[in-house]
Amino acid sequence: MAERKIAIVGAGISGLLACKHCMEKGFDPVVLEAQSGIGGVWSKTIESTKLQTPRAFYQFSDFAWPPSVKDTFPNHKQVLEYLQSYASHFNILPKIKLNTKVLDVAYSPPSDEDLVAWDLWGGSGEPFSPYSGKWDVTVQDSRDPSAPFEGPEVFGGMVMHSMDYAAMENKAASEFIKAKRVAVVGFQKSALDLAAQVAKVNGPKYPCTLLFRTVHWTVPDYFMTYTFRCLNRFVELMVHKPDQGFFQWLSAILLSPLLWIFSKTVESFLRFLYPLKKYNTVPSHGFVQQIFSCMSAVTPPNFYDKVREGSLILKKSHNFSFCKNGLVIDKEEATPLATDIVIFATGYKTDEKLKNIFSSVYFRKCIIGSSAPFFRECIHPRIPNLAILGYGDSPANLYTTEIKSKWLAEFLAGKFMLPSIREMEEDVNRWEKCMKRYSGSSYKRYCASALLQIYTNDQLCKDIGCNPRRKNRFLADLFTPYGPTDYKNLTNFI
């Protein structure tokens, strides 16, 4: 066991969970964190950020929120304190090396030809195969800050990503945008929160412009509480499964109209609640399609009030370009949009970031060469001795990542073997085909199980050898929501 070294990249939620469950299986992992503290995205976020997942669905199965936190949607400071308490309680902190940035990982000694010829993951389907090599991890001290990105030469202002803005202290961030003409690009959660924050600081005198190409449905926070109550087996009967039998196929056929009715009802409610037509923010896609694409977001408080008062300007644009004094919108408007700061909140190139960590061209092609999800959303069939946690998105990332961490720890402990590479690839291709049926052109492989979370957890439980039915009674198992505490003790073996 001492020779089986495990390196974990990142001390966010996924890294903390992976470390904790590996330690429980007797391993001695090391966590490499580029920042000066733990918490991942929660350590660097704007002042107004809070959970958009109800607290009961965003908690560790064996570590409850403190009694002092009573809000349904805790703010980012409360979330970070909760993560820090978890790491301290389970003695994870000594395993973490802060300010240690991973530059790349290299696999040796098997050649690319040997890897291609393998029928089983790592040559044997086991976590520590005698046929496989090892990963060499190159790191650097990351305490030296990099220079800020100044933006295109033609533009006289500053261009930055929302992550750079979020990394500032709250007071410094407010001073940075104060009395400035700010344009925020995007229409997902980070863009909406950031635009609302800028509008709050500057008011109508220096209105913030929100530039977007595609509009997404946004909902009030209380609606999210209702939505999570629908995370039960009955709702999942309305959705086709990748490996469905006749009963599951028939259920999805007969019950799918309910899914359509739900989608149209929500869309009508949101059109009534918000002035979407007035501000040209009616999405062209359905609400359920958006859920399958993992693009759901909560509307910031008083968002459209800020639009009405003139503190926030919504501007739909197919494209824009930089000029000396700001932005040229769609090359049609005679007067450029005068801008001092442009902040991009258009998401992250997840696949690109993942690809670039590998020194091997073969592994890079494995990541970019397919749009299929990973096996069980954390194992690439062609990349041995490596797992990726937290890549898959879901309605409740913490609890879904925790279950995958338990699954991975059981695999590392030798509880089960992986299927053949061919079987895993067939499985992920079935998932891809199934999800594209619902998300269409908005399909993203990291969002494979958005409306099939219980079904996904069932697969993980069966792999481990425990009973996937976590409720004691049939009706409760069918209609009661599944949450973190249902998977606290995965010891009820089949």
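Read-outs: derived from the displayed coordinates by stated rules, not from any lab. Everything numeric in this text was worked out from a predicted model, so none of it was measured. Counting neighbours? That spans all protein chains shown, and the Cβs are built from the backbone with ideal geometry, glycine included.
Would you mind putting 78-88, 467-477 in packing order, based on average other-beta-carbon counts within 10 Å, highest first?
Sorting 78-88, 467-477 by mean packing, highest first, produces 78-88, 467-477.
I need the calculated FRET efficiency for the pair LYS324 and LYS462, taking r as the beta carbon distance and R₀ as 51 Å, to the nearest 0.05. Present the calculation step by step, with values, prior to reporting the outcome.
Numbers: r = 61 Å, r/R0 = 1.20.
Efficiency, from the Cβ-Cβ distance: 0.25.
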If one puts a single equal scatterer on every Cα of the range 247-393 and applies the Debye formula without solvent, what log₁₀ I(q)/I(0) results at q = 0.08, 0.12 Å⁻¹? -0.43, -0.88
Using only helices, what value at 222 nm comes out for the chain when you add -39,500 (n - 2.57) per DSSP H run of length 4 or more and divide by the total residues, to the nearest 500 deg cm²/dmol? -11000 deg cm²/dmol
Find how much the distance from LEU386 to ASP136 grows on full extension, using 0.36 nm per residue of separation minus their present alpha carbon separation; answer in nm with one decimal. 88.8 nm
Packing-based ranking, highest mean first, of 172-183, 259-270 given that Cβ atoms within 10 Å are counted: 172-183, 259-270
Starting from the Cα of SER420, step 7 Å along the direction of its Cβ; do the same at LEU475; then give the gap between the two resulting points in nm. 4.7 nm
In Å, the Kirkwood hydrodynamic radius from C-alpha pairs for the range 158-344 sits at 18.5 Å
Compute the semi-axes of the equivalent ellipsoid of the chain, taking the square root of 5 times each eigenvalue of the Cα gyration tensor, and list them largest first in whole Å. 37, 29, 23
Inter-label distance for THR72 and ASN356, nm, one decimal - labels placed 7 Å from Cα along Cα-to-Cβ: 4.0 nm
Sorted peptide list for 288-296, 226-234, criterion being average Cβ within 10 angstrom, highest first: 288-296, 226-234
Separation of the LYS205 and HIS89 label points, Cα + 7 Å toward Cβ, nm: 4.7 nm
